[in-house]
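The values are calculated or read from the model by the stated rules, or taken from the named source; none is laboratory data. Since the model is a prediction, treat every value here as computed from it, not as a measurement. Glycine gets a Cβ as well: all are built from the backbone with ideal geometry, and neighbour counts include every protein chain shown.
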Amino acid sequence: MEDVEILSQLRKMGTTTISDALDRLGINGQCLGIMPLKRSFQLTGKAFTIRYAPISVEGGSVGDYIDKVNSDTVVVIDNGGRKDVTVWGDLLTLTAHQRNLAGTVIDGVCRDIDRILELDYPIYSRGNWMRTGKDRVMVVEENVPVSIGGVLVSPGDYLRGDGDGVVAIPASKVENVLEAAWMIHTAEDNIRASVLKGETLKASREKNSYHKLQTRVKS
């Protein structure tokens, strides 16, 4: 399946449906504690990964990588979950928006939230604070596997975010996840339709095997 079709299908799915599909397939993809700065944010794209670390004696870059990122890509930043220093701010938001990036996911915090909201640029993080990461942290690796909310995210993996949070889908498993997600989505649509027609929720769930939709399937 081509990337365009994969991204199109992911955009039609909520993170809750994808989360159940990940559970069904035994994939750890729910990024714990990484939430949208605005509930209405939506994010879908492939990962360009960045790992930060405390600054060395020589110092280092905190954001020049942005000029390398292609449009419709998600910047995924591992700052070890730190909340005491930021790794994203006004200038990165402006540049990312100008370059039509799909959004940013941070295991850590960002700042300059007014610019983020003004440009409606989707950011998922552990929150926001004003203290700069300059002279405190630096980029140490680009496009390597990183940890985001307890989930391993590799370059090229797929990210989907909405008001419930963000999930990461391994590129090698994305078609399997989509297949399971569509099955779950269809079953839940059927349940909703039955309830609206007057059927009890219990009966509707039983008819559509609701309680087994997310149950781990044997490989």
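Does at least one position in the range 98-110 carry a residue that is under 20 Å from Arg131 (Cβ atoms) and surrounded by fewer than 14 Cβ atoms within 10 Å (Cβ to Cβ)? Scanning the range 98-110 turns up no residue that is under 20 Å from Arg131 (Cβ atoms) and surrounded by fewer than 14 Cβ atoms within 10 Å (Cβ to Cβ).
Within the range 117-132, how many residues are under 12 Å from the mean Cα position of the chain (by Cα) and not polar (S, T, N, Q)? Quick ask: steps written out before the conclusion?
To start, the set of residues in the range 117-132 that are under 12 Å from the mean Cα position of the chain (by Cα) comprises 122-125.
Still in the running and not polar (S, T, N, Q): 122-124.
Residues meeting the conditions: 3.
From Arg160, Arg136, which residue is surrounded by 16 or more Cβ atoms within 10 Å (Cβ to Cβ), among the basic types (Lys, Arg), under 17 Å from Phe41 (Cβ atoms) and in contact (Cβ under 8 Å) with a residue 40 or more places away in the chain? The unique qualifying residue is Arg160. Of the listed requirements (1) farther than 29 Å from Thr186 by Cα; (2) modelled with pLDDT of 95 or more, Ser8 misses just one: (1). Among the residues making up the range 1-51, a single one is aromatic (Phe, Trp, Tyr) and either in contact with a Cys (Cβ under 8 Å, 6 or more places away or on another chain) or within 22 Å of Val144 (Cα to Cα) (or both): Phe48.
Pairing residues of the range 23-38 that are over 21 Å from Gly103 (Cβ atoms) with residues that are part of a loop (DSSP other than H, G, I, E, B) and polar (S, T, N, Q), at Cβ distances under 9 Å and at least 6 apart in sequence or on separate chains, gives Asp23/Gln214; Asp23/Thr215; Arg24/Gln214; Arg24/Thr215; Leu25/Ser219; Gly26/Ser219.
Can you pull out every residue in the range 167-184 that is buried (at least 19 other Cβ atoms within 10 Å of the Cβ) and part of a helix (DSSP H, G or I)?
Narrowing the range 167-184 to residues buried (at least 19 other Cβ atoms within 10 Å of the Cβ): 167-170, 174, 177-178, 180-181, 184.
Listed by number, the residues that qualify are Val174, Val177, Leu178, Ala180, Ala181, Ile184.
Residues in the range 105-119 that are more than 24 Å from Ser154 (Cβ to Cβ) and either without any contact (Cβ under 8 Å) to a residue 40 or more places away in the chain or touching a strand residue (DSSP E or B) at 6+ places or on another chain (Cβ under 8 Å) (or both): Arg111, Asp112, Ile113, Asp114, Arg115, Ile116, Glu118, Leu119.
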